[in-house]
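Down below is the structure, laid out as structure tokens.
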Amino acid sequence: MNKPTLSTSWWACALSGSVNDKKPLAVVCNGEALVLFRNAAGEAFALEDRCPHRRDPLSLGTVKPGGLQCGYHGWTFDGASGACSAIPNLRDTERVPPRYGARAYPVAEANGFVHVGLGASRPTEALPSAGYRPRGKEFTGAATVNMAHAEYLAAMLDGPDCLLAFDGVRMTDFFLGDPRPEGQHLVLDRGAVWKSQVLPSNFVVDYPLMVRTAVALAGGAVQVDLLDADESPVVTVLMGASPNRRGTTSLCWRGFWHGTALPGAPLRWRSARALGKPPFEVFAEIKGAGIAALLVAPSRELEAARAAFAFSVPVSAAA
Ligand code: FES
């Protein structure tokens, strides 16, 4: 069962480029239906996707100078506060009742992601994309996968090759150490080789590549890095992942090449790079047989680490 968490967290729930001042965007983030939009100045807002008048989805409405106008009876709601700012056809003697309003959520935008703060107060932890510093051309995408969020995060540690791929790279089953807490993440390294390489038979080997998976301890972001043997980053992918409805997970991601020289890379890798092709793929379709066959190993530590982190974060004043 996809059970949303109740803690207060920032969630990277959309790519900045998918939110505009023309058409509202409906998203489900941590199980909550939201509508995202911008004003003419480019400021992003998030409201509950539910009109307080007759419960119509606000995402079916229209962005207006005063906020988001419901498509049913035309009430307009301010993006920052959610307050109803206009009702059509009011008589001169009538006013907009001050208690009418849609629920508004804190929004923070950084490094190409729109983050929404869910919970009873404004989140105090750093934004999931705070450390993402793209250089050069980025590759972006979004999908809804048929896998529950908690299982998706667990599989990122137990078998990331079931969820995404780096071009020409085979991730191995060999963990390079145990999962370790680093700041707001649980981090695990595993050895990787070029697909064209034969994997050495001995257990302790100096892998030419490494895949580092960092799963956020709050919210749902995951960063996956492909590193060379000296641990210099080659490709970085940052993903926002959040519980959607009925056991599914919403994903949005950005990633880029670092420009690291890789003398041992196969020709195909270098050709793809020269052509500007994405160096990675996030799977929109996940094979159940591969997930079912995964050993539950590093992810055993994830649930406890997330719970411990939730208790350690101070609660701020209400947003
Ligand atoms: S349902 Fe939204 S204005 Fe009536």
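The values are calculated or read from the model by the stated rules, or taken from the named source; none is laboratory data. Nothing here was measured: the structure is a model prediction, and the numbers come from that model. Here the Cβ is made from the backbone with ideal geometry for all residues, glycine too, and neighbour counts use every protein chain on show.
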- [ ] For segment 125-177, please list each of the strands (runs of 3 or more DSSP E) lying entirely inside it that holds at least 2 residues being over 18 Å from Ala241 (Cβ atoms).
- [x] 169-175
Open item on the list: For segment 205-224, give me each residue that is under 15 Å from the mean Cα position of the chain (by Cα) and assigned to a strand (DSSP E or B).
Closed with: Thr213, Ala214, Val215, Ala216, Ala221, Val222, Gln223, Val224
Task: segment 38-59, subset assigned to a strand (DSSP E or B) and within 15 Å of the ligand (Cβ to nearest atom), residue nearest to Ala130 (Cα to Cα) - done: Leu47
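Select, from Ala297, Ala289, the only residue that is hydrophobic (A, V, I, L, M, F, W, C), in a loop (DSSP other than H, G, I, E, B) and either assigned by TED's automatic domain parsing to the domain that holds Val169 or modelled with pLDDT of 85 or more (or both).
Checking each option against the conditions leaves just Ala297.
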Task: Filtered residues of segment 94-111 (kept if out of contact with any Asp or Glu (no Cβ under 8 Å at 6 or more places or on another chain) and either part of a loop (DSSP other than H, G, I, E, B) or of a type in the set (D, E, K, R) (or both)) - done: Glu94, Arg95, Val96, Pro97, Pro98, Arg99, Tyr100, Pro106, Glu109, Asn111
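Quick one: would you say Glu32 is among the acidic types (Asp, Glu), under 30 Å from Leu153 (Cβ atoms), surrounded by fewer than 22 Cβ atoms within 10 Å (Cβ to Cβ) and within 16 Å of the ligand (Cβ to nearest atom)?
Numbers: among the acidic types (Asp, Glu): yes; under 30 Å from Leu153 (Cβ atoms): yes; surrounded by fewer than 22 Cβ atoms within 10 Å (Cβ to Cβ): yes; within 16 Å of the ligand (Cβ to nearest atom): no.
Taking the combined requirement at face value, the residue does not satisfy it.
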Open item on the list: Any residue that is surrounded by fewer than 17 Cβ atoms within 10 Å (Cβ to Cβ), touching a Leu at 6+ places or on another chain (Cβ under 8 Å) and touching a residue at least 60 places away in the same chain (Cβ under 8 Å) - is there at least one of those in segment 160-180?
Closed with: yes
Open item on the list: I'd like the residue in segment 75-93 that is out of contact with any Ser or Thr (no Cβ under 9 Å at 6 or more places or on another chain) and modelled with pLDDT of 95 or more and, out of all such residues, is farthest from the ligand (Cβ to nearest atom).
Closed with: Ala80
- [ ] Would you check which residues across segment 94-106 are more than 14 Å from the ligand (Cβ to nearest atom) and of a type in the set (Phe, Trp, Tyr) and list them?
- [x] Tyr105
Open item on the list: List the residue pairs whose Cβ atoms are under 8 Å apart, where the first residue sits in segment 39-61 and is in contact (Cβ under 8 Å) with a residue 24 or more places away in the chain, the second is away from the ligand (no atom under 12 Å from the Cβ) and in a helix (DSSP H, G or I), and the two are 6 or more positions apart or on different chains.
Closed with: Ala44/Ser16
